[in-house]
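Everything on this sheet refers to the single structure shown next.
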Amino acid sequence: MGGRMGAVAFSLFLFAGGGFSQSSAPPKQVTAPAQAAPGSALAQQPDHAAAYYHFMLARRYQELAAGYNRSDYADRAVSEYEKAIQADPESLFLRVNLAQLYWRMGRIADAVREAEGVLKANPDQEDAHRLLANLYLQNLGNGQGPKVAKQSLEKAIEHFEALTRLEPNQIDSYVVLGRLYQLNNQRTKAEEVLKKAVEADPTSRNAINGLAKLYFDQGQYSEVVDLLKRIPDGENEPGTLAMLGLAYAQSHHLVEALDAYQKALAQEPDNEEVRRYYAEALLESGKTAQARAELQKLLQADPQDGSTYLRLAQLDRQEGHFDQARKELDRAKALLPDDIEVPYQEVLLEEALGNEDKAVSILQELLKQSEKPEGKYTVAEARDRAIFLERLGLIYRNQEKYDQALDAFRQIVALGQNQEPQGEALIIDTLRLSHQPQKALEEANAALEKYPKDRSLKLLRASLLGQQGKVDQAVQSLERELKGGPQDRDVYVAIAQIYSDAKRYKDAEAVLQKALAADPKVEDQEFAIFLLGSVYERQKKYDEAEEQFKKVLAQDPLNAAAANYLGYLLADRGIRLEESVKYIQRALQIEPNNGAYLDSLGWAYYKMKRYDLAQPPLEKAARLMRTDPTILEHLGKLYLAQGKTQEAEEQWERALKVWPNAVGSDFDAEEAARLQKQLDELKLRLARQKAGNESRE
């Protein structure tokens, strides 16, 4: 009945002089009420018997109203409550019960009036706070306008704060309050209250899930994993397992993610949302055939599932089936007209097809649609906006529009501390690529002062030092980050890249072996294996290099970089050229407008002396990567083989002009000297030919 004392306790309370004016349950015994004469002393005292009589009638009419769905019974219940309150005007218990009845009847204003009246009399009346807390919580889901919704949110927070103060052992109130703080963008308060809930009851799944959800929304995936792993395997529910899988997937621990999804599906095989997450993790793991099979299961269950068409479009784009991907995207757009991921997947498709201006246009529209007044975004909104801005900046950077790229990345920084480190990293790398190494280092130093524990910024700063010739200093700064365990893999890889850039290949090879030993999970070693292959290739250990690239492709058949490198490795040596072309074509099926891959294909055809086939990809590569000296050198050699000596001379002169500023190119001073010699010989030959022609004239 809303009270907290038992019937026996209440009888004792009455005997001691209490009554309905206290928040407690009424007694079980009923006596007919005596009628007091107006103005008598009896009339001025609370008539507990009469109050109880009318209360019991009110409860009976409530039961009838619920059983028969009749509003007249509900009205009679209200009338009886009013009579009970007349008999005992000071009873907060009766007023709370009347307020609860009003709420059930949909008379919200009356419910609020009664409950607030109770709190005026007793600010610590728990049942009134509970009623108002739940009422305002329910109102949040009723499609209110922004102003009313804001008021409801603040009122709900006010009353749940009171409940957590009055009932410190009620864990669910803490959990709801934490969620409300999240809705109100009070993330610090949300974390504090949810931590209290977990500390109060470390076994509470509601509390653990609530705090895990907060961490997940903030992108703190390792904290999510640590929390959810506290729940014993046998007690995990599908929703919890799905969140655990998502956290693992976001942290690129895909084997663990797949395991979590499989456990969730074992409990709920028909859970389409979890199956979709499972398919996405399979896709991310390179298990494309399995991913497609899971997506087909989803379509069989629901042929109008737009999310599945969206994921199939992603899969077909990654496999290079662009026409099919566009059809699936069109279907997804029709079924999910308001889903912002649909146009984002369109961006990725247009970019893959080389339609960068179209991709930019879509991104600019997405940014316009997602813009909020005064730049106030929820964590999820800020994360989405950062993704759009990053892709826009990367396209601009690929087009060598560095100022526009920097502007996009600075907008990421402005989104707040959750996005700022990534935005800073993009700015630093863009300054490096735009030949501003000192500015890049200054930006890195400033970013690390603000985020001294951010590992990605530390790795990037060390890379800058290495590229400026301070190799030992760079390596020493990274060695301080080694803690022991799988997390050291990324540090070792960064050190290896610094050594490789400095042509200290033996050192790079040794460090990469440490990286592979630090994390024995094959699925986490892909980039380290790729880098080891490149280090072997630079040392002319071609068989070992080939073995590493094949390992990468066995783990991830869609790794276009590995397929291209393997193809180029064969082509540059002039061996197994047909096989070489197949590897490079596999890479180009996935990324048909990648200039480096087009150069590899043209070079393979050049080595086959198929100059007619070599010319289109080499010329396209030179248009896409205008400042890559290796591509320009290759194109010059092709022109020379075709007898186009003037064109060859032009390409080689361009190559020698751009190579000193070519960032990340393998073309070095030794290559430049060799090409300069070839160019001088070509010019001498052309001069002799010209002189001979003139003498014959």
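The values are calculated or read from the model by the stated rules, or taken from the named source; none is laboratory data. Keep in mind that what you see is a predicted model, and the values were worked out from it rather than measured. Quick reminder, even Gly has a Cβ in these numbers, built from the backbone with ideal geometry, and neighbours come from all protein chains shown.
Select from the range 282-308 the residues that are crowded, with 20+ Cβ neighbours inside 10 Å and under 19 Å from Ile590 (Cα atoms) and write down the one among them that is modelled with the highest pLDDT.
The selected residue is Ala291.
Any residue at all in the range 190-200 that's under 21 Å from Arg383 (Cα atoms) and either assigned to a helix (DSSP H, G or I) or modelled with pLDDT under 90 (or both)?
There is at least one residue in the range 190-200 that is under 21 Å from Arg383 (Cα atoms) and either assigned to a helix (DSSP H, G or I) or modelled with pLDDT under 90 (or both).
Return the only residue of Leu465, Leu531, Leu482 being in the same structural domain as Tyr568 (by TED's automatic domain parsing), closer than 26 Å to Lys453 by Cβ and buried (at least 17 other Cβ atoms within 10 Å of the Cβ).
Leu531
Considering Asp519, Asp488, Asp543, which residue is crowded, with 16+ Cβ neighbours inside 10 Å and more than 24 Å from Ala444 (Cα to Cα)?
Just a single option satisfies the conditions, and that option is Asp519.
Among the residues of the range 448-476, how many are aliphatic (A, V, I, L, M) and not in a helix (DSSP H, G or I)?
0
For the range 308-321, how many residues are assigned to a helix (DSSP H, G or I) and either touching a residue at least 60 places away in the same chain (Cβ under 8 Å) or on the phi > 0 side of the Ramachandran plot (or both)?
The total comes to 1.
Checking the condition farther than 29 Å from Gly393 by Cα, surrounded by fewer than 18 Cβ atoms within 10 Å (Cβ to Cβ) and of a type in the set (D, E, K, R), which residue from Glu268, Glu319, Glu356, Glu341 passes?
Values: Glu319 fails: farther than 29 Å from Gly393 by Cα; Glu356 fails: farther than 29 Å from Gly393 by Cα; Glu341 fails: farther than 29 Å from Gly393 by Cα.
That would be Glu268, the only listed residue that is farther than 29 Å from Gly393 by Cα, surrounded by fewer than 18 Cβ atoms within 10 Å (Cβ to Cβ) and of a type in the set (D, E, K, R).
Can you find even one residue in the range 181-191 that is touching a residue at least 40 places away in the same chain (Cβ under 8 Å), of a type in the set (D, E, K, R) and out of contact with any strand residue (DSSP E or B) (no Cβ under 7 Å at 6 or more places or on another chain)? Explain how you work it out, then say what you get.
Narrowing the range 181-191 to residues touching a residue at least 40 places away in the same chain (Cβ under 8 Å): 183, 185, 187.
From what's left, of a type in the set (D, E, K, R): 187.
Going one step further and asking which of them are out of contact with any strand residue (DSSP E or B) (no Cβ under 7 Å at 6 or more places or on another chain), we end up with 187.
Yes.
Taking the range 573-611 only, how many residues are of a type outside the set (A, V, I, L, M, F, W, C), assigned to a helix (DSSP H, G or I), surrounded by fewer than 21 Cβ atoms within 10 Å (Cβ to Cβ) and free of Cβ contacts under 8 Å to residues at least 40 places away in the same chain?
8
Within the range 454-510, which residues are among the acidic types (Asp, Glu) and under 19 Å from Asp524 (Cβ atoms)?
Result: Glu481, Asp488, Asp490.
For the range 655-674, state whether one or more residues are buried (at least 16 other Cβ atoms within 10 Å of the Cβ), hydroxyl-bearing (Ser, Thr, Tyr) and within 47 Å of the chain's Cα centre (by Cα).
Looking through the range 655-674, at least one residue is buried (at least 16 other Cβ atoms within 10 Å of the Cβ), hydroxyl-bearing (Ser, Thr, Tyr) and within 47 Å of the chain's Cα centre (by Cα).
Spot the failing condition for Ala554; the list is (1) part of a helix (DSSP H, G or I); (2) touching a residue at least 24 places away in the same chain (Cβ under 8 Å), and only one is missed.
Among (1) part of a helix (DSSP H, G or I); (2) touching a residue at least 24 places away in the same chain (Cβ under 8 Å), Ala554 violates only (2).
Return yes or no: is Thr630 within 41 Å of the chain's Cα centre (by Cα) and either surrounded by fewer than 17 Cβ atoms within 10 Å (Cβ to Cβ) or among the hydroxyl-bearing types (Ser, Thr, Tyr) (or both)? Before the answer, list the steps.
Values: within 41 Å of the chain's Cα centre (by Cα): yes; either surrounded by fewer than 17 Cβ atoms within 10 Å (Cβ to Cβ) or among the hydroxyl-bearing types (Ser, Thr, Tyr) (or both): yes.
Yes: the conditions hold for Thr630.
Contact list please: Cβ distance under 8 Å, first residue in the range 477-493 and assigned to a loop (DSSP other than H, G, I, E, B), second residue of a type in the set (Ser, Thr, Tyr), pairs at least six apart or on different chains.
Pairs found: Leu482/Tyr492.
Identify, please: which residue in the range 125-144 is assigned to a helix (DSSP H, G or I) and of a type in the set (S, T, N, Q) and is, among those, modelled with the highest pLDDT?
So in the range 125-144, the residues assigned to a helix (DSSP H, G or I) come out as 126-139.
With of a type in the set (S, T, N, Q) added as a condition, the list becomes 134, 138-139.
Numbers: Asn134: 91, Gln138: 87, Asn139: 83.
Out of the qualifying residues, it is Asn134.
Is there any pair linking a residue in the range 162-173 that is crowded, with 16+ Cβ neighbours inside 10 Å to one that is among the small types (Gly, Ala, Ser) and outside any helix (DSSP H, G or I), with Cβ under 7 Å and at least six apart or on different chains, and which?
Listed by first residue and then by second, the contacts come to Ile171/Ser204.
Please specify each residue of the range 408-445 satisfying the condition of being surrounded by fewer than 18 Cβ atoms within 10 Å (Cβ to Cβ), assigned to a helix (DSSP H, G or I) and touching a residue at least 12 places away in the same chain (Cβ under 8 Å). Steps first, answer last, please.
Filtering the range 408-445 down to residues surrounded by fewer than 18 Cβ atoms within 10 Å (Cβ to Cβ) leaves 410, 414, 416-418, 433, 435-439, 442, 445.
Okay, now just the ones that are also assigned to a helix (DSSP H, G or I), so 410, 433, 437-439, 442, 445.
Result: Arg410, Leu433, Pro437, Asn445.
I'd like to check something: does the range 612-620 contain any residue that is assigned to a helix (DSSP H, G or I), at pLDDT 95 or above, buried (at least 20 other Cβ atoms within 10 Å of the Cβ) and among the small types (Gly, Ala, Ser)?
yes
Condition first: in contact with a helix residue (DSSP H, G or I) (Cβ under 9 Å, 6 or more places away or on another chain) and in a loop (DSSP other than H, G, I, E, B). Can you find one or more residues in the range 145-164 that meet it?
No.
Can Asp270 be described as over 19 Å from the mean Cα position of the chain (by Cα), assigned to a loop (DSSP other than H, G, I, E, B), not assigned by TED's automatic domain parsing to the domain that holds Ala587 and not polar (S, T, N, Q)?
Against the criterion (over 19 Å from the mean Cα position of the chain (by Cα), assigned to a loop (DSSP other than H, G, I, E, B), not assigned by TED's automatic domain parsing to the domain that holds Ala587 and not polar (S, T, N, Q)), Asp270 qualifies.
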